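Below is one structure; the comments refer to it alone.
The values are calculated or read from the model by the stated rules, or taken from the named source; none is laboratory data. Only a predicted model underlies this, so the values are computations on that prediction, with no experimental measurement involved. Backbone-built Cβ (ideal geometry, glycine too); neighbour counts: all protein chains shown. Only protein heavy atoms, including side chains, enter the accessible area calculation; ligands, DNA and RNA are left aside. Shrake-Rupley method; radii C 1.70, N 1.55, O 1.52, S 1.80 Å.
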Amino acid sequence: MSTTPDTPSMDRHEGRIRAFAVRRPVLAFCVFAVGLSVSLIAALLIADVSVIPGKAAQVVIVPGTALLITAWLSGRAGVKRLLASLLRWRIGIARWLLVLLALPVLTLAIAAGTGTLEAAPEGWLNIATTYLLTLLVLLITANLLEEMAWTGFVQTKLMAAVPVFLIHLPLSFETNGLYRTRWEDALLNWALLLAALPAFRYLAGVLMLETNGSVLAVGVLHASFNASGGMDVTPDGWQYVPAVVLLTVLVAAYRALRGRPIDQAVTATQVGAGVAPVPEQPAEQR
């Protein structure tokens, strides 16, 4: 008499993980992607070695987890929609100007207004060129894939500020290491992060609505945010935080004047022909 062999324990374990991810996709993403990334970088900090390998792994772990859970939730069609959002470039000239230029211009304005703007020793053309090159490198190497996960996956279901804050916590020790970073500096970095994240996630949500789901636009804005903080004429590196807050206020005011609430998307014809609307998410996944 033959008996049916028991399901291997690994298969049962994978089945439980998948069932959990389908029931609670955002929570599963936070547990796996955020938990693993933070643990890896924390381990490197404790070992007092470079965190670069951990950051490189994070660029794979975060979007990879988002794609895996999306595949479990929506199959190939869901994965294709998520990947297609990386290439949705027809968002209108005004929005491209906003994502490319608003943050560096506001950063420079705040630096000038606070007396912290320094001279450009090699000229402003060099500052502009360096900014654009930095933006491009950040977009390709990190920000676009990050926003596929944070905006394309998580933020279509809820605002992503809290898990993004958690995953960035260890990076306050990146420059000088865990044992040589003053806690005052770490706390200041965390405070700046807390100030910037809600504003940036609001802008990401607005962009997703107004561009009918262009993760590319959000990725460029993210890269612009990071590049604005690294300009040589603002060496203190804090001016880009009030800049993103100010931009959020301006965008919110503009939408209020237009009578457009945060959860109202523009139509495809307002953005440009050929842009597909963002598919509705089930209520329990928002």
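Across the range 24-35, which residue is farthest from Ala71 (Cα to Cα) among those that are of a type outside the set (Val, Ile, Thr) and either modelled with pLDDT of 95 or more or open to solvent by less than 40 Å² (accessible area, probe 1.4 Å) (or both)? Quick ask: steps written out before the conclusion?
Step one: of the range 24-35, the residues of a type outside the set (Val, Ile, Thr) are 24-25, 27-30, 32-33, 35.
Next cut, either modelled with pLDDT of 95 or more or open to solvent by less than 40 Å² (accessible area, probe 1.4 Å) (or both) only: 25, 28-30, 33, 35.
Details: Pro25: 11, Ala28: 14, Phe29: 13, Cys30: 17, Ala33: 16, Gly35: 20 Å.
So the residue we want is Gly35.
Conditions (1) of a type in the set (A, V, I, L, M); (2) farther than 17 Å from Val215 by Cβ, marked per residue:
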site: Ser39; (1), (2): no, yes
site: Ala43; (1), (2): yes, yes
site: Asp48; (1), (2): no, yes
site: Pro53; (1), (2): no, yes
site: Gln58; (1), (2): no, yes
site: Ile61; (1), (2): yes, yes
site: Ala66; (1), (2): yes, no
site: Ile69; (1), (2): yes, no
site: Ser74; (1), (2): no, no
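For the range 63-76: of the residues being buried (at least 19 other Cβ atoms within 10 Å of the Cβ) and among the polar types (S, T, N, Q), which is nearest to Arg23 (Cα to Cα)?
For the range 63-76, the residue satisfying everything is Thr70.
I need every pair where a residue in the range 172-183 that is at pLDDT 90 or above has its Cβ under 8 Å from the Cβ of a residue that is among the charged types (D, E, K, R) and in a loop (DSSP other than H, G, I, E, B), sequence separation at least 6 or different chains.
So the pair list comes out as Gly177/Asp48; Leu178/Asp48; Tyr179/Asp48.
Could we say that Thr141 is part of a helix (DSSP H, G or I), among the polar types (S, T, N, Q), open to solvent by 60 Å² or more (accessible area, probe 1.4 Å) and closer than 30 Å to Leu27 by Cα here? Working first, answer last.
Details: part of a helix (DSSP H, G or I): yes; among the polar types (S, T, N, Q): yes; open to solvent by 60 Å² or more (accessible area, probe 1.4 Å): yes; closer than 30 Å to Leu27 by Cα: yes.
For Thr141, the condition - part of a helix (DSSP H, G or I), among the polar types (S, T, N, Q), open to solvent by 60 Å² or more (accessible area, probe 1.4 Å) and closer than 30 Å to Leu27 by Cα - is met.
Would the range 80-96 turn up any residue that is of a type outside the set (A, V, I, L, M, F, W, C), in a helix (DSSP H, G or I) and surrounded by fewer than 16 Cβ atoms within 10 Å (Cβ to Cβ)? Walk me through it before giving the result.
The initial filter retains those residues of the range 80-96 that are of a type outside the set (A, V, I, L, M, F, W, C), namely 80-81, 85, 88, 90, 92, 95.
Filter again for in a helix (DSSP H, G or I), leaving 80-81, 85, 95.
Keeping just the survivors that are surrounded by fewer than 16 Cβ atoms within 10 Å (Cβ to Cβ) gives 80.
Yes - at least one qualifying residue is present in the range 80-96.
Taking the stated definitions as given, is Ile127 in contact (Cβ under 8 Å) with a residue 24 or more places away in the chain, surrounded by 14 or more Cβ atoms within 10 Å (Cβ to Cβ) and over 15 Å from Gly213 (Cα atoms)?
For Ile127, the condition - in contact (Cβ under 8 Å) with a residue 24 or more places away in the chain, surrounded by 14 or more Cβ atoms within 10 Å (Cβ to Cβ) and over 15 Å from Gly213 (Cα atoms) - is met.
Being assigned to a helix (DSSP H, G or I) and touching a residue at least 12 places away in the same chain (Cβ under 8 Å) is the requirement here; does Ala149 meet it?
The answer is yes for Ala149.
Considering only residues that are among the polar types (S, T, N, Q) and assigned to a helix (DSSP H, G or I), which ones fall in the range 11-63?
The answer is Ser37, Ser39, Gln58.
Could you give every pair whose Cβ atoms fall below 6 Å, whose first residue belongs to the range 41-62 and is of a type in the set (D, E, K, R), and whose second residue is open to solvent by less than 50 Å² (accessible area, probe 1.4 Å), counting only separations of at least 6 or pairs across chains?
Filtered contacts from the range 41-62: Asp48/Gly177.
Identify all residues within the range 36-62 that are in contact with a Leu (Cβ under 8 Å, 6 or more places away or on another chain), among the hydrophobic types (A, V, I, L, M, F, W, C) and open to solvent by 60 Å² or more (accessible area, probe 1.4 Å); write none if there are none.
Listed by number, the list holds a single entry, Ile46.
Return the residue satisfying two criteria in turn: it lies in the range 203-222 and is closer than 22 Å to Leu136 by Cβ and free of Cβ contacts under 8 Å to residues at least 60 places away in the same chain, and of such residues it is surrounded by the most Cβ atoms within 10 Å (Cβ to Cβ).
The extreme case among them is Ala204.
Look through Phe225, Phe200 and report the one residue that is touching a His at 6+ places or on another chain (Cβ under 8 Å), crowded, with 18+ Cβ neighbours inside 10 Å, at pLDDT 90 or above and in a helix (DSSP H, G or I).
Phe200
With the checklist (1) assigned to a helix (DSSP H, G or I); (2) over 21 Å from Ala142 (Cα atoms) in hand, flag the one item Arg180 doesn't pass.
It is condition (1) that Arg180 fails.
Which of the following residues is surrounded by 13 or more Cβ atoms within 10 Å (Cβ to Cβ), at pLDDT below 90 and under 23 Å from the mean Cα position of the chain (by Cα): Val278, Val241, Val251, Val245?
Val278
Go through the range 103-124 and count every residue that is at pLDDT below 95 and buried (at least 20 other Cβ atoms within 10 Å of the Cβ).
Count: 0.
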